[in-house]
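Every number here is computed from the coordinates shown, using simple stated rules; none is lab data. Values in this document were obtained by computation on a predicted structure and should not be read as measured data. FYI the Cβ positions are ideal-geometry reconstructions off the backbone, even for glycines, and counts take in every protein chain you see.
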Amino acid sequence: MLLPAIFRSFSTLKDGTFVMKFESNELSPAELVGLAQAHNSFGYLAFKKDEFKTEQLAVIDELKADYEDKTKTPSKRLRDVFFVAFKQGNEGFDNFESYYKFKMDKIIEHIKSKLE
C-alpha cells in the first residue's frame with residue numbers, strides 16, 4: 001500500500017522502540033480497508049520526500065517481513081501474543097488478566113504432564 005503522508009512527530013518508549021505519527025489526505029475506501037487489515041501487523045514503512053520510482057517500488061514489494069523482536073524477553077513476547085489472541089477472540093473471558101492466567105496455567109500443566 002502506498003499512501004502520501006506528512007511525517008508529523010515521533011517519540012520513544014521505555015523499551016527503546018519508537019512511535020511515529022503520520023497524517024494523510026482523505027483515503028479511499030480500499031485504502032481504509034487495507035489499513036484496517038494491516039492493523040497490529042508487522043511490516044515495512046518506507047518514507048521519502050519524493051515519489052518512489054517504479055524500480056524502487058519493485059524492491060519494496062519484494063521485501064519480506066522476517067521479524068524477531070530481540071528487545072523483549074520470551075515471556076513478554078508470549079504475553080503480547082496472548083494479548084493479540086485475546087483481542088481477536090476472548091473465548092468468553094471478561095478481561096485479559098483472567099484469559100492470560102488461564103492460558104499460562106494450560107501451558108504449565110501441559111509441560112508438567114511431560115515430566116517424569
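Observations on the structure shown:
- Amide N of region 19-56 lying under 20 Å from the label point, which is placed 7 angstrom from the Cα of T71 along Cα→Cβ: 19-22, 39-47
- For the chain, diffusion coefficient by Stokes-Einstein and Kirkwood Rh (Cα), 4 °C, 1.567 mPa s, µm²/s: 72 µm²/s
- Within region 1-17, backbone nitrogen closer than 18 Å to the virtual label 7 Å beyond the Cα of K48 toward Cβ: 1-7
- Simple spin-label estimate for L78 and T12 gives 3.0 nm between the two label positions (7 Å along the Cα-to-Cβ direction from each Cα).
- For F22, distant residues with modelled amide H under 5 Å away: R8
- Relative contact order computed over the chain (Cα-Cα under 8 Å; 6+ residues apart), in percent: 14 percent
- Placing +1 on the Cβ of every Lys and Arg and -1 on the Cβ of every Asp and Glu, with nothing else charged, gives region 5-85 a dipole about its Cα centre of roughly 540 debye.
- Stretch gain in nm, segment V59-N25, where the contour uses 0.36 nm per residue and the Cα spacing is subtracted: 9.7 nm
- Likely footprinting exposure, Y99, Y44, fewest C-beta neighbours within 10 Å first: Y44, Y99
- The gain in end-to-end length when the F96 to L115 segment is fully stretched comes to 3.9 nm, 0.36 nm per residue minus the alpha carbon separation.
- Computed from backbone phi with θ = phi - 60° and the Karplus coefficients 6.51, -1.76 and 1.60, the 3J(HN,Hα) list for region 92-108 is x, 7, 7, 9, 5, 4, 5, 4, 4, 4, 4, 5, 5, 4, 4, 5, 4 Hz; x is used for glycine and proline.
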